[in-house]
Amino acid sequence: MKLKVTVLLFLAVLPFTSLFAKLPEKFIGNWIDAKSNDWTYGFFEDFAVYKSDFWEYQSIESSKDGRTTVQLKKGQEQAVLILISKKDSSIQVRSDKGKTTRFIRMEKSYPSFPKKDMTSFAKPTFRKDSVTIVGYYRNLDRIPAQFADRLNRSPFNVGVPSFYLDEEQDYLADMDSMGRFRIKFPVINMQELFVDWGRISLGMVVESGDRIFLFADMLDYLPQKSDSSYVMYINRPKQLLFMGDNARLNNELFQYKDLWKSYGEINRNEKNDMTFLRAQESVYLQKLGNLNVYVGKNKNLSDKAQFYIAEHAKWTLAFDLMQRRFEIRKREKPVFDAEYIDFVRATFPLDNELVYTGFREFGTFLRDYLSYTKDGGSNVSVNLTYGMIADHVKNDSTVDNQTKALLVELDQMSNEFKGVDSAKAVALQVKYKDLIQKSQAISPLIQRIATELIDERGMDTKMVDSLLINRNLRDLWLTKTMHGQLDATHLPFTSAMLNSFKQEVKNPDLIAEVLERNTFYEGVRNKTLSFESSLKNTSHLSEYRDADSLFKALIAPYLDKVIYVDFWGTWCGPCKENMKYSNALKTLLKGKEVVFMYFANNSPEESWKNIIQEYGLTGENVVQYRLPDKQQSMIERKFSVKSFPTYMLIDKEGHVVNNSATQPKQTEEAANQILELLK
């Protein structure tokens, strides 16, 4: 209890103490070591930045000879600095150890470093670690009202691309009233970050264990009359700088404006593969040429910066070349020219471990490259039998013995059907009528195990093994495959699949990630579904053969209410992403005459139910339809639904008034559209 009282008293005294002494204006700002060009100090009105963190002013004393003694404190640490202002707008700082160093004020552009840094990125460990970013956005309180929504807002956001999750994970941190923030998040190895997109839109590069301080003057991010284009706005000099681990690398990358430069649009519809390739290669060579010119002018550019810039250009080229696989699908034989794919194989070897987690484009390239090699290049196919399924689950404790025995019977039955004529097949169908009916009862389980087997065999083919020779890359790819299956189905794996994965993958952190996510979906599946009445039985609607009468029957019970329609599918990532915001939308409309109606496209029943359970998509005003394929197609054709998700609004009279309604992710706008119809 004493400790709490002491802390409260200390906090209460701080504002009072600051009334007696303020730091002289001439010291306010960021200060860079005049010899090394390292950003070392930031002195501001209410605190200092030093050693990549915030320090409180314990006392500030100015003497007649122009010296100012500053006592700093951070937790139990203390530091005493003597500041001396010089006529050339520089300062001298004498530290506790008695060493005096000259510093220059940081302006809009970070100065070049006087010495070469030949440090390389650390050898990848592929073990989970963390990165801490501490930051200060100065002058947030001076942002004009018309720009406040974009610049003066909270929270601070970091996007971390994940190769094995095949997505970008967002981490958020609130800012205090002064614009200060602190955030810690997991990484593996060298990692590319997308920082506070939409505000400062900054690319950063960090390594496992880094602690780095980020400073930005938000007044520099206000649009100016001289910004004739977005490129000029981005390239205009701004006071943004880094302190701490990999600070030099990030300061250099921020000053290198060619990194995100656009080189014009390339015709992605170009019919000739090699013409497209040469156009993309020309851009890549131009990027390398620009880098060489820059190094010629900035001879001390660090080895890390040169490596990152060159590899970023390389894997952007790889990404663009393999994304073309989506453009060639219309061909009679959707394969690249031999010379094209030979170039890809020769130019982008998979042997550099640094790029596996360091570049978002690498992960997408590898996905496209393996998919093309498997599907387009070699047309690998997998034929499954009931026997394979029975063998897969024979030691699986999550599948009951009765089901295992039934799978064996079904395998024996299917063997009798092999090679028989149509008359014999009809006779066998009569003979095994009861067995076939039993198989239909466990069809969701059979479909799921079959999907697991296909994925397992897909990731274990000789083709994949021959390409993914690196053990760590193979572990990442197998983990990515498992996460992809969980994302697609939102269902837990059978124990057989998990055991197979654990035998294949050696990295304990990757195994733990998959097991944690699998446990989550097990918990979802085992929960009791609330408002099960939201899941509508549509068997009584089988008599409807046209879309108009079917749709009238579907919405008839909900007339006199506004209906918000969601066309989605269990396989659709953007659909599920929007479902995270559905309950927030329902909360805004609580008590209103609104019905939320869902139509699931091509969605297996077990996954359908689990996703509904996971996102809480039931309730008194929620209707979930899972129509037979033919009827679902009728409804989609009627309303020209060609992409998923699609949202519609139906008024109280049953008229479709908006077939392109706002998505739940834009929660307030979607709610306002609905409220307009309720007036």
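The values are calculated or read from the model by the stated rules, or taken from the named source; none is laboratory data. Just so it is clear, the structure is predicted and the values come from calculations on it, not from any experiment. Please note: Cβ atoms are built from the backbone with ideal geometry, for glycine as well, and neighbour counts cover all protein chains shown.
So which residues in region 528-575 are polar (S, T, N, Q), more than 17 Å from K638 (Cα to Cα) and outside any loop (DSSP other than H, G, I, E, B)?
Selection gives S533, S534, S539.
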Would you list the helices (runs of 4 or more DSSP H) that sit entirely within region 415-466 and hold 3 or more residues that are modelled with pLDDT of 75 or more?
-> 422-431, 433-441
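Conditions (1) of a type in the set (S, T, N, Q); (2) in contact with a helix residue (DSSP H, G or I) (Cβ under 7 Å, 6 or more places away or on another chain), marked per residue:
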position: E252; (1), (2): no, yes
position: D258; (1), (2): no, yes
position: Y263; (1), (2): no, yes
position: V283; (1), (2): no, no
position: Q286; (1), (2): yes, no
Would you call K128 of a type in the set (D, E, K, R), touching a helix residue (DSSP H, G or I) at 6+ places or on another chain (Cβ under 6 Å) and surrounded by 11 or more Cβ atoms within 10 Å (Cβ to Cβ)?
-> yes
Assess whether T40 counts as being polar (S, T, N, Q), crowded, with 16+ Cβ neighbours inside 10 Å and farther than 26 Å from F113 by Cβ.
-> no
Give region 166-191 a look and list any residue that's hydrophobic (A, V, I, L, M, F, W, C) and touching an Asp or Glu at 6+ places or on another chain (Cβ under 8 Å), or say none.
-> M178, F181, V187, I188, M190
Restrict the check to region 469-486 and report whether at least one residue is farther than 30 Å from K123 by Cβ and buried (at least 19 other Cβ atoms within 10 Å of the Cβ).
-> yes
Scanning region 576-591 for residues that are surrounded by 16 or more Cβ atoms within 10 Å (Cβ to Cβ) and in a loop (DSSP other than H, G, I, E, B), which turns out nearest to the chain's Cα centre (by Cα)?
-> Y581
The condition from (1) in the same structural domain as D391 (by TED's automatic domain parsing); (2) in contact with a Lys or Arg (Cβ under 6 Å, 6 or more places away or on another chain) that A547 misses is numbered (1)
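Restricting to region 386-442, give me the number of residues that are of a type in the set (D, E, K, R) and either under 20 Å from L491 (Cβ atoms) or under 48 Å from the mean Cα position of the chain (by Cα) (or both). I'd like the intermediate steps shown before the answer.
Within region 386-442, the subset of a type in the set (D, E, K, R) is 391, 394, 396, 400, 404, 409, 411, 416, 418, 421, 424, 431, 433-434, 438.
Restricting the remaining residues to those that are either under 20 Å from L491 (Cβ atoms) or under 48 Å from the mean Cα position of the chain (by Cα) (or both) gives 391, 394, 396, 400, 404, 409, 411, 418, 438.
So the answer is 9.
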Would you call L202 farther than 29 Å from P111 by Cβ and either in the same structural domain as R474 (by TED's automatic domain parsing) or under 25 Å from the mean Cα position of the chain (by Cα) (or both)?
-> no
Of the residues that make up region 311-329, is at least one within 30 Å of D33 (Cβ to Cβ) and not acidic (D, E)?
-> yes
Selected residue (criterion: surrounded by the fewest Cβ atoms within 10 Å (Cβ to Cβ)) from residues of region 602-640 that are in contact with a strand residue (DSSP E or B) (Cβ under 8 Å, 6 or more places away or on another chain) and of a type in the set (D, E, K, R) = E636
Kindly list, by first and then second residue, each pair from a residue in region 249-261 that is under 12 Å from I234 (Cα atoms) to a residue that is among the hydroxyl-bearing types (S, T, Y) and assigned to a loop (DSSP other than H, G, I, E, B), limited to pairs with Cβ atoms under 8 Å and residues at least 6 apart or on different chains.
-> F254/Y110; Q255/S109; Q255/Y110
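Could you please find all residues in region 332-372 being among the aliphatic types (A, V, I, L, M) and assigned to a helix (DSSP H, G or I)? Can you show your working first?
Residues of region 332-372 that are among the aliphatic types (A, V, I, L, M), as a first pass: 335, 338, 341, 344, 346, 350, 354-355, 366, 370.
Of everything in region 332-372, those that are among the aliphatic types (A, V, I, L, M) and assigned to a helix (DSSP H, G or I) turn out to be A338, I341, V344, A346, L354, V355, L366, L370.
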Test: residue in region 106-127 that is more than 24 Å from Y171 (Cα to Cα), in contact with a Gly (Cβ under 9 Å, 6 or more places away or on another chain), part of a strand (DSSP E or B) and touching a residue at least 24 places away in the same chain (Cβ under 8 Å) = no
Mind listing just one residue for me: the one in region 174-199 that is of a type in the set (D, E) and surrounded by 18 or more Cβ atoms within 10 Å (Cβ to Cβ) and, of those, nearest to E513 (Cα to Cα)?
-> E192
Considering only residues of region 102-151 that are among the polar types (S, T, N, Q) and more than 24 Å from the chain's Cα centre (by Cα), which is farthest from F27 (Cα to Cα)?
-> S120
Filter region 629-659 down to the residues that are of a type in the set (S, T, Y) and at pLDDT 95 or above, then identify the one that is nearest to the chain's Cα centre (by Cα).
-> T646
State whether the residues of region 140-152 include one that is surrounded by 15 or more Cβ atoms within 10 Å (Cβ to Cβ) and out of contact with any helix residue (DSSP H, G or I) (no Cβ under 6 Å at 6 or more places or on another chain).
-> no
Within region 324-342, restricting attention to residues that are among the basic types (K, R) and at pLDDT 90 or above, which residue is farthest from K271 (Cα to Cα)?
-> R325
Any residue in region 147-165 that is in contact with a strand residue (DSSP E or B) (Cβ under 9 Å, 6 or more places away or on another chain), among the charged types (D, E, K, R) and either modelled with pLDDT under 95 or under 27 Å from N235 (Cβ atoms) (or both)?
-> no
